[in-house]
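Working notes for the structure below.
The values are calculated or read from the model by the stated rules, or taken from the named source; none is laboratory data. Remember, predicted model here, so these are calculated numbers, not experimental data. For neighbour counting, all protein chains shown are included, and Cβ atoms are generated from backbone atoms with ideal geometry for every residue, glycine included. Calculation scope for accessible area: heavy atoms of the full protein, side chains included, ligands and nucleic acids excluded. Shrake-Rupley method; radii C 1.70, N 1.55, O 1.52, S 1.80 Å.
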Amino acid sequence: ITKEQEELARSFEAFCQEKIAPRSMQADKESAIPDESWKDLAEMGFFRLPFPEEAGGLGGDWVVQAMAEESLAKACASTFLSTGASIGLCGGPLFHYVSDEQKERWLAPMMAGEKIVCFGLTEPGAGTDVKNMKSRAKKTDDGWVLSGEKALITTAPVADVAVVMAVTDPEAGYGGVTAFAVDLSKEGVSRTEPYSKMGLRASTTGGLVFDEVQLDDGD
């Protein structure tokens, strides 16, 4: 660990203890991460940390990222879980595999702390066993039609967009699964009630239901 990495880690540790930790108990009682915490983390550059500078990020290496996440988890595990799901599970796909238009639409607001993203893989009857996934996306002349249900999704009750996995070619096995960036305000999208959990309650968890949701080819 270099001196510069240590200095960055100490700075973020102090920030987390000053801004995030004092809100953790109240966040847990209210089952919601305060808006102020998202805003403060965005101003600190936390959501931009893993992404390269040319994409609007800070270009933080893996060591700096790990040290920052450790400090955040120590201050408030719920906040770490929700932000980690948004940045880690969704930020990667939105950076590596989408068009420039989609990056501007979803990745940039996520890095600015303006949008919350969730990752829609798990279903009531299938987790990482994607061969048993029931969600389907069918090609149409205008794009795609998405139908299915996702369960146990971190931040689903409050997310603005979801990276959703759905089967597009049932005969192709694992290779027949496609990811879509779905605006959760679209017609046909609904959410289950947030789950009641033993711990990490401020990091809300729930389900998503897609009832013939119309998607463009750019989603």
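Odds and ends about this structure:
- Using the 1.4 Å probe convention, the accessible area of the chain works out to 52 Å² per residue with neighbouring protein chains retained.
- Taking the DSSP beta bridges with both ends in the chain, the antiparallel portion is around 80 percent.
- Accessible surface of the chain, 1.4 Å probe: 50 percent of it comes from carbon and sulfur atoms.
- One chain, two ends: Lys74 and Asp61. Fully extended at 0.36 nm per residue, the span grows by 2.7 nm beyond their Cα-Cα distance.
- Considering only beta bridges that DSSP places wholly inside the range 93-192, some 70 percent are antiparallel.
- Restricting the range 94-186 to chymotrypsin sites (Phe, Trp or Tyr not before Pro) that sit in a DSSP loop and have at most 12 other Cβ atoms within 10 Å of their own Cβ leaves Tyr97.
- Pairs of lysines in the chain whose Cα atoms sit within less than 13 Å of one another amount to 6, provided the residues are eight or more positions apart or on different chains.
- Stokes-Einstein translational diffusion, the chain - Kirkwood Rh over all Cα pairs, 0.692 mPa s, 37 °C, in µm²/s: 181 µm²/s
- Ranked by solvent-accessible area (1.4 Å probe, protein heavy atoms only, all chains present), the residues Thr2, Thr205 order from largest to smallest as Thr2, Thr205.
- Taken about its Cα centre, the chain carries a charge dipole of about 740 debye when Lys and Arg each add +1 at the Cβ and Asp and Glu each add -1 at the Cβ.
- The chain: most fluctuating residue of Ala172, Ala42, Ala21 per GNM, C-alpha cutoff 10 Å: Ala172
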